[in-house]
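The structure appears below as structure tokens.
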Amino acid sequence: MTEIKIEYENGKFIEVNLTDYLFFVGGHNKWKRKIIRSLKRFSIAKNLNELEEEVYGENGIEFYYDNKQLKSRNTTILFLEDNMSINKQLSFTKGNLMYQQLTQLQHEIDITTQMERINDELINLELIINQHLSKFSDSISSNLGNKLFSDLLKESLELIYFTEKHEYSLEMINSSELLDEYIKLLEKMINEKEEMVWLVIINPESFLETTDLNLLFEELKRIARETKQLKFFIFSNRSLDINYSIEDIEKTVLLYDTYEQLPEFCYFKESIERHYPDTLNLSSKDLVESFFRISHLVGNSKYDNFYLDARDMILLKVLNSILEVNSSTETSVQQLTKLEKAFLK
């Protein structure tokens with residue numbers, strides 16, 4: 001694991017260990033907002049204004065990776081936070097993934113050959129236009145000039161999403177339909193850059209279906225593992241419907257009154273067992289799933305409207321006790337009448 005430091009206020013850093021990805025969970029959204037704010041501002045790669053300097057200081061926002069300070073101009077940070085985040089990266093807009101891939105085509109042999117043919121045809125067109133111009137002027141002639149591939153993209157390109165029956169503009173397509181293309185473009189960009197890329201994913205449950213969430217998570221893990229260049233961060237306000245594993249425990253940062261990166265699963269489980277009111281009869285898989293179901297409530301003193309399984313409730317109380325978080329769990333258990341219980345059965 002490599003230590004990273006993210007400045008969220010002047011001289012104040014969150015320091016965590018990173019291999020390939022991290023989950024940021026917990027009941028304190030203020031923490032999430034501050035970290036995300038720093039990530040977004042750092043990604044802009046421009047000098048701070050006076051108001052921002054009051055928050056971050058005159059030195060600007062400081063990020064460190066493996067004890068080396070990162071330069072914002074040399075650090076690629078991408079964000080996934082809504083439908084438009086994916087659509088935007090697939091549109092032909094300067095700086096986006098699709099823009100980078102299409103503009104690079106100008107160096108391909110088949111593209112340069114075709115552009116030569118187009119420009120030859122433009123010369124022929126000039127001759128035809130000039131023949132018509134000569135009918136009423138001996139002094140005026142036309143000059144269409146050479147066309148560059150980049151000119152054609154800017155002036156004429158329209159990207160269309162097509163199905164067997166219809167064609168749509170990309171703006172009309174749900175992000176789930178474009179997720180596969182997004183992943184392929186991201187992987188291609190990472191392989192070509194040969195530099196570290198950070199991807200910040202914010203509340204993905206709000207714009208991706210369960211199957212798409214799992215696809216995204218598994219593909220990002222694969223790309224990170226194979227390239228060693230992708231680092232991604234997932235911020236969520238509730239448990240995600242993905243296949244969590246025991247390795248995800250040590251890759252989780254709990255945000256409550258303070259923050260805490262969880263230890264390896266074996267130590268995490270031992271700590272739970274020591275504080276558990278009875279013998280812990282949960283498999284490793286069940287314990288991991290239970291933790292992530294209640295992770296967004298840790299440190300949150302107000303969750304009366306949430307329904308929790310009884311064992312989830314116990315685990316939440318155990319975690320709050322370990323972390324020395326003052327919160328009440330009594331009102332969270334919904335009492336059912338005998339008839340209600342019988343109805344559920």
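Amide H contacts for residue 197 (H built 1.01 Å from N in the peptide plane; partners 5 or more residues away or on another chain; cut-off under 5 Å): 230, 231.
Please find the FRET efficiency linking residue 228 to residue 311, where r is the Cβ-Cβ separation and R0 is fixed at 25 Å, and quote it to the nearest 0.05. The value I calculate is 0.05. Here residue 163 and residue 285 are evaluated by their C-beta separation; at R0 = 35 Å the FRET efficiency comes out at 0.35.
Taking 15 Å as the cut-off, the amide N atoms of the stretch 140-181 that come nearer than this to a point 7 Å along the Cα-to-beta-carbon line of residue 133 belong to 140-146. Extension gain, residue 120 to residue 267, is 45.8 nm, computed as 0.36 nm per intervening residue step minus the present C-alpha separation.
For the cross-link pairs 12/71; 5/269; 40/251; 12/88; 5/88, which exceed 25 Å when the distance is taken from alpha carbon to alpha carbon?
Values: 12/71 18 Å; 5/269 27 Å; 40/251 22 Å; 12/88 33 Å; 5/88 29 Å.
Table pairs above 25 Å Cα-Cα are 5/269; 12/88; 5/88.
Axis angle, to the nearest 10 degrees, between helix 310-322 and the longest C-alpha principal axis of the chain: 90 degrees. With a simple spin-label model that places each label point 7 Å from the Cα along the Cα-to-Cβ direction, the separation between residue 46 and residue 29 comes to 2.8 nm.
Taking the chain, how much of its Cα-Cα pair set, in percent, is spaced more than 38 angstrom apart? The partial results should precede the final answer.
Numbers: 20697 of 59340 pairs.
More than 38 Å apart: 35 percent of the Cα pairs in the chain.
With Cα atoms defining each centre, the stretch 1-73 and the stretch 110-173 are spaced 46 Å apart in the structure.
Placing unit charges on the Cβ atoms of the charged side chains and taking the dipole of the chain about its Cα centre, the candidate lying farthest along the positive direction among 242, 70, 80 is 242.
On a 0 to 90° scale, report how tilted helix 175-193 is relative to the longest principal axis of the chain, with both axes built from alpha carbons and the result rounded to the nearest 10. Helix 175-193 sits at roughly 80 degrees to that axis. Under a 5 Å amide H cut-off, with hydrogens placed 1.01 Å from N, residue 18 pairs with 2, 3, 4 among residues at least 5 apart or on other chains. Using +1 at the C-beta of Lys and Arg and -1 at the C-beta of Asp and Glu, which of 197, 100, 288 has the Cα lying farthest in the positive direction of the dipole of the chain? The Cα lying farthest towards the positive end belongs to 288. Considering only 271, 236, 176, the Gaussian network model of the chain with Cα springs below 10 Å gives its largest mean-square fluctuation to 271. Averaged over residues, the count of other Cβ atoms within 10 Å places the peptides 86-98, 144-156 in the sequence 86-98, 144-156, highest first.
Test of understanding: what is the full-extension gain from residue 194 to residue 246, defined as 0.36 nm times their sequence separation minus their Cα-Cα distance?
Details: separation 52, 0.36 × 52 = 18.72 nm, distance 2.99 nm.
Gain on stretching residue 194 to residue 246: 15.7 nm.
Using a cut-off of 32 Å between Cα atoms, the listed pairs 147/184; 68/154; 32/228; 165/188 include 68/154 as exceeding that distance. Restricting to the chain, what percent of DSSP beta bridges are antiparallel, rounded to 5? Of the beta bridges lying entirely in the chain, close to 50 percent run antiparallel. Percent of Cα pairs in the stretch 209-294 per distance bin of 10 Å, from zero to the largest separation: 14, 44, 33, 9, 1.
Mean residue ellipticity at 222 nm, helices only, the chain: -13500 deg cm²/dmol; runs of at least 4 DSSP H residues each add -39,500 (n - 2.57), and the sum is divided by the number of residues.
Measuring only protein heavy atoms, the 1.4 Å probe finds residue 121 accessible over about 120 Å².
Separation of the stretch 233-261 and the stretch 201-221, taken as the distance between their Cα centroids, equals 14 angstrom. Helix 265-275 sits at what angle to the longest principal axis of the chain, using alpha carbons and giving 0 to 90 degrees rounded to 10? Approximately 30 degrees, to the nearest 10. Karplus-derived 3J(HN,Hα) values for the stretch 131-140, using 6.51 cos²θ - 1.76 cosθ + 1.60 with θ = phi - 60°, are 4, 6, 5, 5, 5, 10, 7, 9, 10, 9 Hz; glycine and proline are entered as x.
Per-residue Karplus couplings for the stretch 28-37, computed as 6.51 cos²θ - 1.76 cosθ + 1.60 with θ equal to phi - 60°, are listed in order as 9, 6, 4, 4, 4, 4, 5, 5, 5, 4 Hz, Gly and Pro entered as x.
Report the relative contact order of the chain, percent, no decimals, based on alpha-carbon pairs under 8 angstrom and at least 6 residues apart.
Working: 450 pairs, mean separation 73.5, N = 345.
After rounding, I find 21 percent.
The values are calculated or read from the model by the stated rules, or taken from the named source; none is laboratory data. Computed from a prediction, not measured in an experiment: that's the story for all the values here. Ideal geometry is used to build each Cβ from the backbone, glycine not excepted, and the neighbour counts take in all protein chains shown. For the accessible areas, the whole protein counts, side chains as well, though only heavy atoms, and no ligand, DNA or RNA atoms are used. Shrake-Rupley method; radii C 1.70, N 1.55, O 1.52, S 1.80 Å.
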